[in-house]
1. Dimensions of the chain along principal axes (Cα, Å, largest first)?
2. What distance in nm separates the two pseudo spin-label positions at residue 28 and residue 55, each 7 Å out from Cα along the beta-carbon direction?
3. In nm, give the distance between the simple-model label positions of residue 16 and residue 81, each being 7 Å from the Cα along the Cα-to-Cβ direction.
4. Of the listed peptides 86-98, 51-63, what is their order by residue-averaged count of other C-beta atoms within 10 Å, with the highest listed first?
5. Based on the Cβ-Cβ distance from residue 47 to residue 89, what FRET efficiency comes out when R0 is 25 Å, to the nearest 0.05?
6. Using mean Cβ contacts within 10 Å as the protection proxy, how do 24-31, 40-47 order, highest first?
7. Which angle between 0 and 90 degrees, to the nearest 10, do you get for helix 2-16 versus the longest principal axis of the chain when only C-alpha atoms count?
């Protein structure tokens with residue numbers, strides 16, 4: 001059973017190229033852009049509400065760092081899933097703020 005899940009993780013890492021440095025730099029770059037957009041939205045809307053997703057994006061950044069330094073494929077897939085969840089939560093928060101404000 002454990003070998004099958006390791007095989008699936010290895011296939012996902014290979015297919016998504018999670019071990020490539022360019023992918024990790026691209027993920028970090030996009031997260032920085034998302035954070036800058038939140039800060040700019042705070043300035044343009046004169047409200048602190050657009051800063052709410054910063055915590056989610058910061059958590060995704062920390063998970064991206066852990067994914068980059070993951071020891072094996074299973075951990076790389078797990079941390080990348082956390083990154084995706086943090087980004088999705090951040091975008092959901094941005095959407096809710098846009099709807100409220």
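1. 53, 26, 18
2. About 2.5 nm separates the two model spin labels.
3. For the pair residue 16/residue 81, the computed spacing is 0.9 nm.
4. The densest-packed peptide leads the list: 51-63, 86-98.
5. 0.80
6. Going from most to least packed, we get 24-31, 40-47.
7. 50 degrees
Read-outs throughout are calculated quantities, based only on the coordinates presented, and are distinct from any laboratory measurement. Small disclaimer: the values here were computed from a predicted structure and weren't measured. All Cβ positions, glycine included, derive from the backbone under ideal geometry; neighbour counts span all protein chains shown.
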